[in-house]
Amino acid sequence: MQFEPRSAAPHFDVITIGAGFAGLHMLHTARSMGLSVRVYEAADDVGGVWYWNRYPGARCDVESLQYSYSFDNDLEQEWVWTERYAAQPEILRYIEHVAHRFDLRRDICFRSRVKQASYSESRQRWEVETESGDRATCRYLVMATGALSMPRLPDIPGMESFEGRIYHTGAWPHESVDFTGSRVGVIGTGSSGIQAIPQIARQAERLVVFQRTANYSVPAKNAPLEPEAERAFKAKYREYRALAREVGTVYEFSDKSAREVSDADRLREYERRWQRGGVNIVHAYNDLMRDKASNDTIAEFVRSKIREIVKDPETADSLTPKDHPLGTKRVCVDIGYYETFNRDNVALVDLKKTPITHVGPTGVQVGESWHELDALVCATGYDALTGALLAIDVRGRGGLQLRRKWADGPRTYLGLMTAGFPNLFVITGPGSPSVLVNVIVGIEHHVEWIAECIGWLRRHGHTTIEATRDAEDRWVQHVNAAAERTLYPMANSWFLGANIPGKPRVFMPYVAKIGVYRRECQEIADAGYVGFDIRPAQPGDSR
Ligand code: N01
């Protein structure tokens, strides 16, 4: 099927899909280069995942002072964060502030879900169409669709028959949800479930947590951000930002192996970091993600904490992760998660022992046990990294469908482009560090690289850039080899697509440090975009 644009369809230098952190930064950057830009966004307003994830307890697991844009010195100085880890409403207010401060909304079409994007070889343009039939064309198409933006409901028999309320954490209603006096079931114990469960437990009459895989979680030790601490951090912002560009998120990194210290020293170090809170603990030694024996030491430390906190031994045992090394699924950061299971109104159902049989109109059947429920909260995650991209019918050269090209798993060059799809850029897509780093650091790198690339093409009178198959094949091998040198492939995680039945099992993010990745991308650009096929403008073609 070939897209036939109406002659009236407006033309832009850049169309960006998505108005979250990535799309807004792309819009601002492209606009400051003098390019014409349109952004399509399915939601009513800016924010991306922070617009949708309004579930109780939603907050970031990267510290507020690091989870923000670095591109504008005044912006980072003037914005005041109130907590060590900002909650969703505060992050959304920050994004709205950015949109207002840089007057971004005037180029964004809200309530506009893109259904198709096709490359016209004769016109060397992308032709984009929304579900409501709005059409536009552009030279460069930037997918800022998000790595974790396609919520996934579980395919449990009978879900559709449930007569109570059903929620997904990633598509939470805008009006406040009151669980007072309700019997609530939560399915899923990843980052979202682990944040929501303690909050729901405080409100609900009864909470039943349906856990398939026990996860490692560490305490956030969240607290109000002291103005003095904030001032001190802001005074050194340039230094911290420069470091973040190397390491993703600034933690206390160690140059020691967990094997080279005594048991007592190691335990002391884990305890110190546990008390300090957050993912910092995963960086206590430099080989925790590469050496199983080293990883066992931290995994066992967290297991001992679970046994210490949770009073009922059987519940503690069910909550203890045993089937994957710590960090191979994203480590969760919680506020009182394990303590919640000491409450009288909370029960854990271990689906590893007995899976859910079916959902009925008034509850959930698990083996012989029936759980009567008024509401079901699905914290069941996302079709990660590729879901939102493939939800759009993207067609490249010769009508090649991205869905077909990626049928056996995503293939990209640098995580930024894919062969057969000229001038199509992806922000934080598969093959880039994306979800493994502070995502804003990843986004800023991608936006800068794409902007520099577009500027270079225009200065040199080129019209199209496209990854070659050879370069893409080499990059895919490189990304796979990097993952194989770590423990990551040992877990059935969404990094691998393992949470979606039938999704090809490919380790999607690139595990290199973002500084290493940044230099790889820069060297390729500096050498004249090695591994890309670049074509000149046609006569009479101005943009
Ligand atoms: O989703 P998940 P999430 N029956 O996929 C279970 C980011 N994030 O929304 O592990 C029963 O991690 C599933 O079980 P299993 C962050 O990057 C960040 O929690 O597949 N259970 C799992 O327990 C995070 O990693 C923040 O066996 C089923 C859970 O549902 C990513 O988003 C906050 C099931 C899904 O966990 C995704 O996190 C929130 C079924 N049929 C999210 N299907 C912060 O910044 C799935 N599950 C703090």
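Hey, could you check segment 346-371 for residues that are part of a strand (DSSP E or B) and hydroxyl-bearing (Ser, Thr, Tyr) and say which is surrounded by the fewest Cβ atoms within 10 Å (Cβ to Cβ)? By that ranking, first place goes to 369. Candidates in segment 11-68 are the residues that are among the basic types (Lys, Arg) and away from the ligand (no atom under 16 Å from the Cβ); of these, the one that is farthest from the chain's Cα centre (by Cα) is 31. Filter segment 167-178 down to the residues that are outside any helix (DSSP H, G or I) and not hydrophobic (A, V, I, L, M, F, W, C), then identify the one that is nearest to residue 340 (Cα to Cα). Going through the qualifying residues, I end up with 178. Among the criteria (1) open to solvent by 10 Å² or more (accessible area, probe 1.4 Å); (2) within 16 Å of the ligand (Cβ to nearest atom); (3) modelled with pLDDT of 95 or more, the one residue 510 does not fulfil is (1). Residue pairs whose Cβ atoms lie under 7 Å apart, sitting 6 or more positions apart in sequence or on different chains, and linking a residue in segment 29-51 that is without any contact (Cβ under 8 Å) to a residue 60 or more places away in the chain to a partner that is outside any loop (DSSP other than H, G, I, E, B) and open to solvent by 20 Å² or more (accessible area, probe 1.4 Å), are 36/12.
Residues checked against (1) free of Cβ contacts under 8 Å to residues at least 24 places away in the same chain; (2) part of a helix (DSSP H, G or I); (3) crowded, with 24+ Cβ neighbours inside 10 Å; (4) polar (S, T, N, Q):
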site: 422; (1), (2), (3), (4): no, no, yes, no
site: 432; (1), (2), (3), (4): no, no, yes, yes
site: 451; (1), (2), (3), (4): no, yes, no, no
site: 482; (1), (2), (3), (4): no, yes, no, no
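For segment 264-287, the candidate set comprises residues that are over 29 Å from the mean Cα position of the chain (by Cα) and either free of Cβ contacts under 8 Å to residues at least 12 places away in the same chain or part of a loop (DSSP other than H, G, I, E, B) (or both); within that set, the residue that is nearest to residue 337 (Cα to Cα) is 268. Of all residues in segment 306-335, those satisfying the criterion of being crowded, with 18+ Cβ neighbours inside 10 Å and either assigned to a helix (DSSP H, G or I) or of a type in the set (Gly, Ala, Ser) (or both) are 306, 315, 316, 318, 319, 327.
Kindly list the number of the only condition in (1) open to solvent by 10 Å² or more (accessible area, probe 1.4 Å); (2) touching a residue at least 40 places away in the same chain (Cβ under 8 Å); (3) more than 16 Å from the ligand (Cβ to nearest atom) that fails for residue 382. Residue 382 satisfies all of (1) open to solvent by 10 Å² or more (accessible area, probe 1.4 Å); (2) touching a residue at least 40 places away in the same chain (Cβ under 8 Å); (3) more than 16 Å from the ligand (Cβ to nearest atom) except (3). Cβ-Cβ distances below 9 Å connect the following pairs, each with a first residue in segment 187-209 that is closer than 13 Å to residue 375 by Cα, a second residue that is near the ligand (Cβ under 6 Å from one of its atoms) and among the polar types (S, T, N, Q), and a separation of six or more residues or different chains: 187/380; 209/189. What number of residues within segment 179-234 are in a helix (DSSP H, G or I), hydrophobic (A, V, I, L, M, F, W, C) and more than 13 Å from the ligand (Cβ to nearest atom)? Qualifying residue count for the region: 5.
Pairs meeting the criteria (first residue in segment 502-523 and over 15 Å from residue 416 (Cβ atoms), second residue among the hydroxyl-bearing types (Ser, Thr, Tyr) and at pLDDT 95 or above, beta carbons under 7 Å, at least 6 apart or on different chains) are 507/488; 511/486; 511/488.
Checking segment 108-129 against the condition returns no match, with no residue being away from the ligand (no atom under 16 Å from the Cβ), small (Gly, Ala, Ser) and assigned to a helix (DSSP H, G or I).
Candidates are the residues of segment 161-196 that are farther than 26 Å from residue 214 by Cα and polar (S, T, N, Q); the one that is least open to solvent (accessible area, probe 1.4 Å) is 161. Among the residues of segment 82-104, those identified as open to solvent by less than 10 Å² (accessible area, probe 1.4 Å) and part of a loop (DSSP other than H, G, I, E, B) are 85, 86, 104. Determine if segment 485-505 includes at least one residue that is away from the ligand (no atom under 16 Å from the Cβ), open to solvent by 60 Å² or more (accessible area, probe 1.4 Å) and either farther than 22 Å from residue 147 by Cβ or at pLDDT 95 or above (or both). The answer is yes, given that some residue of segment 485-505 is away from the ligand (no atom under 16 Å from the Cβ), open to solvent by 60 Å² or more (accessible area, probe 1.4 Å) and either farther than 22 Å from residue 147 by Cβ or at pLDDT 95 or above (or both).
Can you confirm whether residue 374 is charged (D, E, K, R) and buried (at least 17 other Cβ atoms within 10 Å of the Cβ)? So residue 374 fits the description; yes.
Evaluated against (1) farther than 12 Å from residue 95 by Cβ; (2) free of Cβ contacts under 8 Å to residues at least 60 places away in the same chain; (3) not small (Gly, Ala, Ser), residue 16 falls short on exactly one condition, (2). Here is a list of conditions, (1) crowded, with 20+ Cβ neighbours inside 10 Å; (2) within 25 Å of residue 210 (Cβ to Cβ), and residue 343 meets all of them except one; can you say which number that is? The single condition residue 343 does not satisfy is (1).
Could you please let me know if residue 412 is β-branched (Val, Ile, Thr), surrounded by fewer than 18 Cβ atoms within 10 Å (Cβ to Cβ) and either on the phi < 0 side of the Ramachandran plot or in contact with a helix residue (DSSP H, G or I) (Cβ under 6 Å, 6 or more places away or on another chain) (or both)? Criteria not met by residue 412.
In the condition set (1) over 20 Å from the mean Cα position of the chain (by Cα); (2) farther than 25 Å from residue 26 by Cα; (3) among the polar types (S, T, N, Q), residue 492 is compliant with all but (1).
Taken as a whole, segment 510-519 holds at least one residue that is touching a Leu at 6+ places or on another chain (Cβ under 7 Å) and either assigned to a loop (DSSP other than H, G, I, E, B) or not aliphatic (A, V, I, L, M) (or both).
The values are calculated or read from the model by the stated rules, or taken from the named source; none is laboratory data. Being a predicted model, the structure only gives us computed values, none of them experimental. So basically every Cβ, Gly included, is an ideal-geometry build from the backbone, and we count neighbours across all protein chains shown. When the accessible area is computed, the model is the full protein with side chains, heavy atoms only, and any ligands, DNA or RNA have been set aside. Shrake-Rupley method; radii C 1.70, N 1.55, O 1.52, S 1.80 Å.
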